[in-house]
Amino acid sequence: MECQNFGLNWFEVLLVVVGSILGFLLSILTTIINKVIDKNGEVRIFYRLLEQQAKIGVSEDEQYLLIPVYFELQNTSNTTRVIRDVSLYIYNNGKKVTKMMQLQCTKDSITNEIKNSYGGEKNTYSFVLPAQSIQKQECEFFYKISKIDIVQKQFDEIRFAYYNEKNQVMDCLFLKAEQGWNGIEFNYDNEYAELKCVKKKK
């Protein structure tokens, strides 16, 4: 009667272990690659001023600047993207003067009823962009000062900015305003223009 050999074949065991490790590493690598592919794409922002509604105006002892804007927000990636705190800023000689107010709504002067609502959900100026999507948003920005402060609070440009998913400020020029409170040449082109923002330097 022959004896059975119950000894382990260490070479076969080694092959099984190596195969398992390679399979595990390959699955991790595949997951990483898929996430990179899904994130491949970008957020693109287009804007158009509401026809003949942007203006510099006077109200009693105050001077004000009103800029209503249509935005088209496009997400070309395969993952949900977020842009937070879409804003316009007043600048003078390269220095920030102030952030314009983000209006949530306008009301009828007689009935006090809401006529128009602005921004996204709950009138915020932060937007969630689903994968491979585009959405239109109407926003309105407002800035006012006392007439006696016009000289001290001059401005020569308006800049656009928002925070990306990494909480980084993305910034670009919105429009030039070299004459400041003396007048702005608003571009009422019916075509949307793209705002090509870059990460703002600290």
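Mean separation of Cα pairs under 8 Å and 6 or more residues apart, divided by the residue count, gives segment 85-201 a relative contact order of 25 percent.
Quick check for me: using +1 on Lys/Arg Cβ and -1 on Asp/Glu Cβ, what's the dipole size of segment 46-202 about its Cα centre, in debye to the nearest 20?
On the way: 22 positive and 21 negative charges, 172 e Å.
Using Cβ point charges on Lys, Arg, Asp and Glu, segment 46-202 gives about 820 debye.
In order along segment 116-133, the phi-based Karplus estimate (6.51 cos²θ - 1.76 cosθ + 1.60, θ = phi - 60°) of 3J(HN,Hα) comes to 9, 10, 10, x, x, 4, 6, 6, 7, 9, 10, 9, 9, 10, x, 4, 6, 9 Hz; Gly and Pro are listed as x.
Tell me, what is the per residue accessible area of segment 146-202 in Å², probe radius 1.4 Å?
Numbers: 3920 Å² over 57 residues.
I get 69 Å² per residue for segment 146-202.
Residue-wise HN-Hα couplings along segment 153-158, as the Karplus relation 6.51 cos²θ - 1.76 cosθ + 1.60 with θ = phi - 60° gives them from phi, are 10, 6, 8, 10, 7, 10 Hz; Gly and Pro carry x. Nonpolar atom fraction for segment 45-202, defined as the carbon and sulfur part of the 1.4 Å probe accessible area, stands at 44 percent.
Put a dot 7 Å past the Cα of TYR163, heading toward its Cβ, do the same for GLU60, and the two dots end up 3.4 nm apart.
Expressed per residue, the C-alpha convex hull volume of segment 61-185 stands at 123 Å³.
The values are calculated or read from the model by the stated rules, or taken from the named source; none is laboratory data. Since this is a predicted model, take the numbers as computed values, not measurements. Glycine also receives a Cβ, built like all others from the backbone with ideal geometry; neighbour counts cover every protein chain displayed. The accessibility values were calculated without ligands, DNA or RNA, using every heavy atom of the protein model including side chains. Shrake-Rupley method; radii C 1.70, N 1.55, O 1.52, S 1.80 Å.
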